[in-house]
Amino acid sequence: MEIDLGSVKDRWNFTFHGIFGVPDQDGNERCFHATVNGMVTRMGSRLLLRAAISGTVRLECSACIEAFDMPLQTELTIVFHHGQVPHDVDEDDLVPLTEADEGGYDILPRVREVVILEFPIRCLCREDCKGLCPRCGSNLNHGPCTCIQREDDPRWAQLKKLLNNGEKR
């Protein structure tokens with residue numbers, strides 16, 4: 001995903017399609033199928049790159065362990081700057097631009113970074129995923145399991161009586 005920044009006169013639109021690895025919630029590498037649509041705009045000594053990133057990654061649900069394709073959409077903004085950084089601008093907002101970068105700047109590391117930051121901590125196949133039965137391991141999204149329901153622990157009986165008395169009032 002290399003961009004020739006030196007050839008940008010006023011504006012330049014670009015589109016990339018690619019596959020790159022991203023770590024999942026367990027640290028395993030997964031393939032992210034990405035489309036990056038963007039535009040580079042020259043603004044004096046600066047170049048502004050804005051891009052929309054969309055794609056899918058195949059993951060396992062944290063609750064039911066079923067494989068699913070998770071869609072992901074995010075945005076990327078980079079401001080490239082020649083020379084000294086002005087005092088009124090935070091240096092983290094600007095990427096210094098050298099003559100070598102103008103010949104070709106690879107945006108893949110930045111794209112990968114923003115994609116990784118968009119990953120949820122817990123990936124679910126759907127919002128209402130019921131997960132697995134803690135006894136038999138059946139996927140509760142496919143229907144109720146056939147486990148024999150465990151009888152209540154007799155040590156909690158007195159507490160249940162108190163609860164039931166409270167409901168009658």
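Here are the numbers for this structure:
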{"read-out": "The range 39-80: GluC sites (Glu not before Pro) in DSSP loop, at most 10 other beta carbons within 10 Å", "value": "none"}
{"read-out": "Surface accessible to a 1.4 Å probe, H142 within the full protein complex, Å²", "value": "150"}
{"read-out": "Charge context of M1, other residues only, Cβ under 13 angstrom, K/R +1, D/E -1", "value": "-2"}
{"read-out": "Distance between the range 14-32 and the range 105-154 - C-alpha centres, whole angstrom", "value": "20"}
{"read-out": "Degrees, to the nearest 10: 157-168 long Cα axis against longest axis of the chain", "value": "80"}
{"read-out": "Per residue accessible area in Å² of the chain, where ligands, DNA and RNA are left out and the probe is 1.4 Å", "value": "69"}
{"read-out": "Rel. contact order, % - alpha carbon contacts under 8 angstrom, at least six apart, the chain", "value": "20"}
{"read-out": "Mean ellipticity per residue at 222 nm, deg cm²/dmol - from DSSP H runs of n ≥ 4 across the chain, formula -39500 (n - 2.57)", "value": "-4500 deg cm²/dmol"}
{"read-out": "Using alpha-carbon coordinates, inclination of helix 108-118 to the longest axis of the chain, degrees", "value": "30"}
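The values are calculated or read from the model by the stated rules, or taken from the named source; none is laboratory data. No experiment lies behind these values; they were computed from the predicted model shown. Using ideal geometry, Cβ is built from the backbone for each residue, glycine included, and neighbour counts are taken over all protein chains shown. These accessible areas exclude ligands, DNA and RNA; they are computed on the full protein's heavy atoms, side chains included. Shrake-Rupley method; radii C 1.70, N 1.55, O 1.52, S 1.80 Å.
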